[in-house]
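Everything on this sheet refers to the single structure shown next.
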Amino acid sequence: MNEKKLNMFAKEEEYAALRHFVKMVGSSKDGGMAASVKRAIDRELTKRQRQLVYMYYLEQMRMQDIADELGLSISSVSRTIKRGRRRLKKCLRYGGRALIESLED
């Protein structure tokens, strides 16, 4: 596989993991890992990033629908979600692999 395909596969894996984290947080009532991820989302993301990340990943809304509902441009929605992902990635970088592996067991 060439490097571009490998990079695309890594991004898809990252998005799938984040989607799984957000769903887990949205449906969890207990402590543990879900609580840790929720704390990361609550503490590391801005209010707007948190709102858009939940709408996009948990409610699985299309970016165009989010933009229409909130009166934003699709470009703004895309950038805000991307920045939120970047912040979460930094926060979860060291424990993220272990978290993914524990969720797959």
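Would you tally the residues in segment 29-50 being of a type in the set (K, R), modelled with pLDDT under 80 and in a helix (DSSP H, G or I)?
2
What single numbered condition from (1) surrounded by 13 or more Cβ atoms within 10 Å (Cβ to Cβ); (2) modelled with pLDDT under 70; (3) out of contact with any Ser or Thr (no Cβ under 6 Å at 6 or more places or on another chain) fails to hold for I74?
It fails just one condition, (2).
Taking segment 54-67, which residues are open to solvent by less than 50 Å² (accessible area, probe 1.4 Å) and modelled with pLDDT under 90?
Y54, Y57
The values are calculated or read from the model by the stated rules, or taken from the named source; none is laboratory data. Everything numeric in this text was worked out from a predicted model, so none of it was measured. Cβ atoms come from the backbone with ideal geometry, glycine included; neighbour counts cover every protein chain shown. We work out accessible area using only protein heavy atoms, side chains counted, and drop any ligands, DNA or RNA first. Shrake-Rupley method; radii C 1.70, N 1.55, O 1.52, S 1.80 Å.
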